[in-house]
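Colleague: I'd like to ask some things about the structure below.
A short reminder: the numbers here are calculations on the coordinates, not readings from a lab. Owing to the predicted nature of the structure, the values given are computational and were not obtained by experimental measurement. Cβ: placed from backbone, ideal geometry, glycine included. Neighbour counts: every protein chain shown.
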Amino acid sequence: MHDFMTTKEVADYLRIKERRVYELVRQRAIPCTRVTGKWLFPRTLVDIWLAESAAGHGVGQGPDGSLRQAAAPPVIAGSHDPLLDWAVRESGCGLALLPGGSLDGLARFAAGEAKVAGLHLLDGESGDFNLPAVSATLPLTGLVLIEWAWRGQGLVLPAGNPNDITGLADLAKTGARVIGRQEAAGSRLLLAQLLERAGLAPGDLAFADETAGSETELGLAILEGRAEAGLAIEAVARALKLDFLPLLSERYDLLLRRRDYFEAPFQTLLAFARGEAFKARAQQMGGYDIAELGRVQLNGP
């Protein structure tokens with residue numbers, strides 16, 4: 001079974017009618033996210049929700065409505081970001097990175113397997129980033145969502161753009177091999193949304209047999225000739241001297257509990273990110289806007 005279930009699949013999985021699934025969605029009682037006009041249900045979060053519901057609570061939720069995440073390890077899970085990767089290493093903050101995709105990060109966060117989740121999830125209806133996905137998946141009590149950076153997202157292409165790709169439609173016309181991301185990746189969901197806007201579907205593209213587990217892996221696959229295009233951030237293309245076709249600017253946020261926000265590891269990371277060395281690195285990597293780094297996008301009740 002895939003990492004994400006459709007409404008019908010989750011109804012079969014839970015042995016309930018689809019009508020009941022939609023009721024749970026309206027009540028925000030089941031973990032879900034909306035992509036290209038359809039509701040998707042992360043299987044890992046649904047399993048956690050089932051276990052917690054059997055114990056009398058919602059997903060990861062204590063009796064007071066707060067997210068139960070006691071003794072979570074000092075890990076940043078979720079979407080891979082090269083600038084965050086560098087900052088964690090250089091700051092000596094004591095946090096470890098476990099990249100696996102935005103929705104994987106949400107699942108690990110809900111399960112108490114990470115203190116922080118890195119997210120870049122676009123809500124197709126509102127045009128907002130991350131907050132709609134978080135609010136549809138987790139109880140917001142005690143949570144904070146902190147802006148990390150705005151990033152340039154687009155098509156990474158071989159140097160010189162030999163296939164003359166000028167937009168998503170050209171991927172379908174030329175049959176260029178596209179390397180995709182794992183199912184839990186925000187970039188995979190974003191590509192589906194962008195294709196829908198362009199009147200295309202993932203099935204219209206010629207995907208390579210492999211998938212990339214990170215932004216850097218995607219860039220290396222194109223550099224080494226295993227693929228001819230892929231959706232990733234501008235910094236990856238610049239680092240590997242590949243061509244880049246910008247498609248949109250996206251906000252990358254860090255989700256954590258309010259009490260962990262004030263602890264030394266995260267504060268050390270934030271303090272480093274406000275320094276001159278970090279600013280210089282962001283400018284060198286390219287494709288980042290860090291003007292609002294640290295801005296609170298959510299301060300849960």
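Colleague: Quote the charge dipole size of the chain about the Cα centre in Debye, to the nearest 20; the model charges only the Cβ of Lys and Arg (+1) and of Asp and Glu (-1).
Modeller: 660 debye
Colleague: Can you bin the range 4-48 into rounded, prolate or oblate? Criterion: square roots of the alpha carbon gyration tensor eigenvalues sorted a ≥ b ≥ c, rounded for a/c under 1.5, prolate for a/b above b/c, oblate for the rest. List each step's numbers first, then the result.
Modeller: Working: a/c = 1.24, a/b = 1.08, b/c = 1.15.
In terms of gyration-tensor shape, rounded.
Colleague: On to the next question. Pull out a ≥ b ≥ c, the square roots of the eigenvalues of the alpha-carbon gyration tensor of the range 153-249, then state rounded if a/c is under 1.5, prolate if not and a/b is larger than b/c, and oblate in the remaining case.
Modeller: In terms of gyration-tensor shape, rounded.
Colleague: Let me ask something else about it. Using modelled amide H (1.01 Å from N, peptide plane; none on Pro or chain starts), what sits under 5 Å from the amide H of Met5, excluding residues fewer than 5 places away?
Modeller: Phe41, Arg43
Colleague: Collect residues whose amide H, placed 1.01 Å from N in the peptide plane, falls under 5 Å from the amide H of Leu298; neighbours closer than 5 in sequence don't count.
Modeller: When sequence neighbours closer than 5 places are left aside, the close amide H contacts are Leu145.
Colleague: Can I ask one more? Please arrange Trp49, Trp39 by counting, for each residue, the other beta carbons lying within 10 Å of its beta carbon, fewest first.
Modeller: Exposure proxy ranking, most exposed first: Trp39, Trp49.
Colleague: Quick check on the chain: helices-only [θ] at 222 nm, where DSSP H runs of length 4 and up contribute -39,500 (n - 2.57) each and the sum goes over total residues. Nearest 500, please.
Modeller: Here the helix-only value at 222 nm equals -10500 deg cm²/dmol.
Colleague: Now for a different question. I'd like the Karplus ³J(HN,Hα) series for the range 134-151: coefficients 6.51, -1.76, 1.60, θ = phi - 60°, whole numbers in Hz, and an x wherever there's a Gly or Pro.
Modeller: With coefficients 6.51, -1.76 and 1.60, one gets 5, 5, 7, 10, 10, x, 7, 4, x, 9, 10, 10, 10, 5, 9, 6, 8, 10 Hz.
Colleague: Still on this structure: Based on the mean of other Cβ atoms within 10 Å per residue, sort peptides 87-93, 154-160, 14-20, 76-82 so the most packed one is first. Intermediate values should be presented prior to the final figure.
Modeller: On the way: 87-93: 17.0, 154-160: 19.4, 14-20: 11.4, 76-82: 27.4.
Output ranking for 87-93, 154-160, 14-20, 76-82: 76-82, 154-160, 87-93, 14-20.
Colleague: What residues have an amide H closer than 5 Å to that of Leu248, excluding those fewer than 5 places away on the same chain, when H is modeled at 1.01 Å from N in the peptide plane?
Modeller: Those qualifying (amide H under 5 Å, at least 5 residues apart or on another chain) are Gln153.
Colleague: Kindly work out what percent of the DSSP beta bridges joining two residues of the chain are antiparallel, to the nearest 5.
Modeller: Around 70 percent of the beta bridges assigned by DSSP in the chain are antiparallel ones.
Colleague: Oh, and also: In a shell of Cβ-Cβ distance under 14 Å around Leu191, excluding Leu191 itself, what net charge do Lys and Arg (+1) and Asp and Glu (-1) give?
Modeller: Residues close to Leu191 contribute a combined charge of -2.
Colleague: Moving to a separate point now. Under 1.5 on a/c is rounded, so check that first for the range 131-190, then, if it is not, pick prolate when a/b is larger than b/c and oblate when it is not; a ≥ b ≥ c are the square roots of the alpha carbon gyration tensor eigenvalues.
Modeller: In terms of gyration-tensor shape, prolate.
Colleague: For Glu196, put the label point 7 Å out on the Cα→Cβ axis and report which residues of the range 108-131 keep their amide N under 20 Å from it.
Modeller: So the set is 120-131.
Colleague: Now a separate question. Between Ser126 and Asp164, what is the spin-label point distance in nm, taking each point 7 Å from the Cα along the Cα→C-beta axis?
Modeller: According to this spin-label approximation, the distance is 4.3 nm.
Colleague: Hey, got a sec? Which GluC sites (Glu not before Pro) in the range 232-301 land in a DSSP loop and have at most 16 other Cβ atoms within 10 Å? If you can, show how the numbers build up before the last one.
Modeller: Numbers: sites: Glu234, Glu250, Glu263, Glu276, Glu292; in loops: Glu263, Glu292.
Counting only loop positions with at most 16 other Cβ atoms within 10 Å, the GluC sites (Glu not before Pro) in the range 232-301 are Glu263, Glu292.
Colleague: Could you check the simple spin-label distance between Glu276 and Ala29, using points 7 Å along Cα→Cβ, in nm with one decimal?
Modeller: 5.8 nm
Colleague: Still on this model: Give me the net charge for the shell around Gln297: Cβ to Cβ below 14 angstrom, other residues only, Lys and Arg +1, Asp and Glu -1. Don't skip to the end; give the middle numbers.
Modeller: Working: positive: Arg251, Arg258, Arg295; negative: Asp123, Asp128, Glu147, Glu250, Asp253, Glu292.
Counting the neighbours of Gln297, the net charge comes to -3.
Colleague: Comparing Lys279, Lys115, Lys38, which has the greatest mean-square fluctuation in the GNM of the chain with Cα pairs linked when under 10 Å apart?
Modeller: Largest GNM mean-square fluctuation: Lys38.
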